[in-house]
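Heads up: the structure comes next, in structure tokens.
The values are calculated or read from the model by the stated rules, or taken from the named source; none is laboratory data. Not measured: the values here are computed from a predicted model. Cβ atoms come from the backbone with ideal geometry, glycine included; neighbour counts cover every protein chain shown.
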Amino acid sequence: MRLAFWSSFALASSLASTGCEKSQPPAPEHKPAETKSAEAKIEPLKVAFAYVGPVGDGGWTFAHDNARKAMEKELGGKVVTTFVESVPEAADAERVFHDMIGQGNKLIFGTTFGYMEPMLKVAVDAKDVKFEHATGYKTAENLRTYDSRTYEGAYMAGIIAGSVTKRNVLGVVGSVPIPEVIRNIDSFTLGAQSMNPKVTTKVVWVNKWFDPPNETAAAKSLIDGGADVLFQNTDSSAVLKAAAAAGKNAFGWDSDMSSYAPQAHLASAIVNWAPYYIKATKDALAGTWKTERTWWGVKEGAIDLVSISDKVPAEARAKVDTVKAGLKDGSFVIWKGPIAGQDGKEVLKKDAIADDKFLGGINFYVKGVDGPLPGAK
Amino acid sequence: MAAIAGSALMESALLIAASLHAGTILALAALGLLVNERAGVVNLGAEGMMLVAALAGFAVTVRSGNPWLGLAAGAAAGALMAAPFGLLVIWLNANQYAAGLALSLFGAGFSAFAGAPFTQERMPERVDSFAVPVVGQWPFVGPAFFRQHPMVYVAAALAILLAWFFTRSRAGLVVRAIGESPEAAHALGYPVRRIRLSAVVAGGALCGVSGAYISVVYTQLWVEGMVAGKGWIALALTTFATWRPGRVLLGAYLFGGVTMLQFYLQRRGVDVPSHLLTILPYLATILVLVSISRNATWIRTHMPASLGKPFWPGS
């Protein structure tokens, strides 16, 4: 009884206090001037992001989230951004996108390849919402794609790897065997060969974007096989840490990872999504948004190789600078023939330049990569 | 030819070493869960406890510079997580499965929240090298077995110790009796609930050591969600190994071994789809443990009879 009494009292008093709070601001009287200013004030654009990993991964998702913050800062009060992290690349993603629409978001970014089908499905139902899908290849009236030429960073990292390796064996921890990742492995190898034609690249796939213990295990298997420079396309810094624990060298990927292992770190191939996020949001604000496919690289400031270690020979640094400058002004092309496939057969004729369609469909290893490509014929 | 044979031999030694290292993660956690379950309490919160412990271990190692303190902090964090769970399910008789799941979810969320500032922190870079004197220098045996992190030996010793404890020691037999029939143990005058709580806390501490081993020794970093399902595998392992420490250890090494083996095979260019290789550890471990534990009566005799069931001392 006493309990019931006290709880009803508590309930009543809490109701009373809410009532009080509500009545505290004086009821607005009708003032024409104020209404006018309220009308003039535009509602901020609601922008949502779906991330595949946790923001704290220190890699891929971390880079996207930094860009989101940069965009929000740049556009001030014109946008309100929210994000959902660790959204699986499966049917669950669809529910998350529906949820984002339900919350009134008008511009939605999905930051991994696996959201392609879910986003396509959801985009059909929500014509007034604009969708931006990272690394995909399917578009719709209100769904467009954007990507970074991460392979440019991989190529520059390769230059360094080729000049630093002593055993001429490079190791790559691959995430999921899709063209984007295969292209990075190939470009890394091409970069290394430009400095050191004797290198071979060994690849081990973990079939996940984020699984630090397994990324470590994969890195160990490469080190045990004689690789002395490691490179990864997975989302955490586990491979770099594993290389450091074994006294080998490795790279940072997606974000600057130099501080994780100052001794072992050779350089970080970073992605800066901010320029695109700012552009895309401005498009949506200005009403100039139209479906297209964007693929930005060093030229647009989306890709860079940073924090190059003192260990790297001057010759390799100079080469990286030349390549970077060449990519910026368009005088240098990475995928320019002659390039031979793994079996020695020419995939790109002498002086032929690969177009984006070719690059988007790379499902072969170049010469110098060891071992079979999963799923390839 | 001899050089090739020599390098293949060296590689198999390294593979064994890497398997033991990887298997130790699962062995520590699964042995902890075994202690829980032998006393009749199933704790599905392993993943959450391991995540919080991974964070605690990482944080303490970064601050103190001492990885052993980090492992101790992991044990403490696991025990601290397990204690309220124990109070809930042992004294208040809350549903063990629901409470365990809640603990797991809480651990994942809490470690992500509390760990956010630590994603920017770095563990001091170090080159790991260990070797047992003399035998560590022997050919093959040395690199395969005797150049491991000390925790690898601790885990193996623990399995032997627990096997002895649960079959030869009075205290161990009491714990088992409680797991079989808490009513009977109660009637004999054993403090069932207090002993169960000790088992739950000890199990939590071991899961904690496992979590800290991942962040402090194995990957040497903290990232939210980094345990990546190892806690669930440890839970399954305990059951498949029919609650026997030796088999838990075997299963853990097997899982670690096949995980490493598939990476080795990939690297050596064996032409098997890597997706198929990725499921190999699960397949192999289930197949082996199910086939050695397929005797149904055996499972029944080894499964703690009161597992997951509430106990009212008054009744």
Checklist entry - From the set of residues in segment A:352-366 that are touching a residue at least 60 places away in the same chain (Cβ under 8 Å) and either surrounded by 19 or more Cβ atoms within 10 Å (Cβ to Cβ) or not aliphatic (A, V, I, L, M) (or both), which is nearest to the other protein chains (Cβ to nearest Cβ)? => result A:Y365
Next on the checklist: Condition first: within 14 Å of another protein chain (Cβ to nearest Cβ), closer than 19 Å to A:T165 by Cβ and surrounded by fewer than 19 Cβ atoms within 10 Å (Cβ to Cβ). Can you find one or more residues in segment A:287-309 that meet it?
Outcome noted: yes
Next on the checklist: I'm trying to understand the selection: among the residues of segment A:241-272, which are facing chain B (nearest Cβ under 9 Å), outside any loop (DSSP other than H, G, I, E, B) and of a type in the set (A, V, I, L, M, F, W, C)?
Outcome noted: A:A242, A:A244, A:A245
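Can you find even one residue in segment A:167-177 that is away from chain B (no Cβ under 14 Å), modelled with pLDDT of 95 or more, outside any loop (DSSP other than H, G, I, E, B) and surrounded by fewer than 24 Cβ atoms within 10 Å (Cβ to Cβ)? Give the derivation first.
Going residue by residue through segment A:167-177, those that are away from chain B (no Cβ under 14 Å) are A:168.
Pick out the ones that are also modelled with pLDDT of 95 or more and you get A:168.
Filter once more, keeping what is outside any loop (DSSP other than H, G, I, E, B): none.
Taking every residue of segment A:167-177 in turn, none turns out to be away from chain B (no Cβ under 14 Å), modelled with pLDDT of 95 or more, outside any loop (DSSP other than H, G, I, E, B) and surrounded by fewer than 24 Cβ atoms within 10 Å (Cβ to Cβ).
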Item to check | Scan of segment A:94-125 for residues that are among the small types (G, A, S), in a helix (DSSP H, G or I) and over 21 Å from A:Y276 (Cβ atoms), ordered by number | outcome: A:G102
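So for segment A:211-219 (the condition being away from chain B (no Cβ under 11 Å) and either surrounded by 24 or more Cβ atoms within 10 Å (Cβ to Cβ) or without any contact (Cβ under 8 Å) to a residue 60 or more places away in the chain (or both)), does at least one residue qualify? If you could, list the steps in order and put the result at the bottom.
Within segment A:211-219, the subset away from chain B (no Cβ under 11 Å) is none.
Taking every residue of segment A:211-219 in turn, none turns out to be away from chain B (no Cβ under 11 Å) and either surrounded by 24 or more Cβ atoms within 10 Å (Cβ to Cβ) or without any contact (Cβ under 8 Å) to a residue 60 or more places away in the chain (or both).
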Item to check | Number of positions in segment B:192-236 that are within 14 Å of chain A (Cβ to nearest Cβ) and either part of a helix (DSSP H, G or I) or at pLDDT 95 or above (or both) | outcome: 14
Item to check | Subset of segment B:178-199 [of a type in the set (A, V, I, L, M, F, W, C), surrounded by 19 or more Cβ atoms within 10 Å (Cβ to Cβ) and closer than 18 Å to B:M303 by Cβ] | outcome: B:I178, B:A185, B:A199
Checklist entry - So A:T145 fits all but one of (1) within 14 Å of chain B (Cβ to nearest Cβ); (2) assigned to a strand (DSSP E or B); (3) not basic (K, R); what number is the exception? => result (1)
Checklist outcome for this item: Counting only residues in segment A:192-210 that are buried (at least 22 other Cβ atoms within 10 Å of the Cβ), of a type outside the set (A, V, I, L, M) and within 21 Å of the chain's Cα centre (by Cα), the one farthest from the other protein chains (Cβ to nearest Cβ) is identified as A:W209
Next on the checklist: I'd like to check something: does segment B:55-74 contain any residue that is more than 14 Å from chain A (Cβ to nearest Cβ), of a type in the set (A, V, I, L, M, F, W, C) and either closer than 30 Å to B:P182 by Cα or surrounded by fewer than 17 Cβ atoms within 10 Å (Cβ to Cβ) (or both)?
Outcome noted: yes
Checklist entry - Would segment B:96-109 turn up any residue that is within 12 Å of another protein chain (Cβ to nearest Cβ) and touching a residue at least 60 places away in the same chain (Cβ under 8 Å)? => result yes
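If a residue counts only when it is within 14 Å of chain A (Cβ to nearest Cβ) and within 30 Å of A:D370 (Cα to Cα), which helices (runs of 4 or more DSSP H) contained entirely in segment B:237-315 have at least 3 such residues? Steps first, answer last, please.
Numbers: elements: B:245-267, B:274-292, B:296-302.
Answer list for segment B:237-315: B:245-267, B:274-292.
Yes/no matrix, rows are residues, columns are (1) aromatic (F, W, Y); (2) part of a helix (DSSP H, G or I); (3) touching a residue at least 40 places away in the same chain (Cβ under 8 Å):
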{"residue": "A:T322", "(1), (2), (3)": "no, yes, no"}
{"residue": "A:G326", "(1), (2), (3)": "no, yes, no"}
{"residue": "A:D343", "(1), (2), (3)": "no, no, no"}
{"residue": "A:K350", "(1), (2), (3)": "no, no, no"}
{"residue": "A:L373", "(1), (2), (3)": "no, no, yes"}
Checklist entry - Inside segment A:126-166, can you point out the residues that are within 28 Å of A:I278 (Cβ to Cβ), surrounded by fewer than 24 Cβ atoms within 10 Å (Cβ to Cβ) and either free of Cβ contacts under 8 Å to residues at least 12 places away in the same chain or over 17 Å from the mean Cα position of the chain (by Cα) (or both)? => result A:A126, A:K127, A:D128, A:V129, A:K138, A:T139, A:A140, A:E141, A:N142, A:L143
Checklist entry - Does at least one position in segment B:111-127 carry a residue that is away from every other protein chain (no Cβ under 13 Å) and in a loop (DSSP other than H, G, I, E, B)? => result no
Next on the checklist: Being modelled with pLDDT under 50, part of a helix (DSSP H, G or I) and in contact with a Pro (Cβ under 9 Å, 6 or more places away or on another chain) is the requirement here; does A:E34 meet it?
Outcome noted: yes
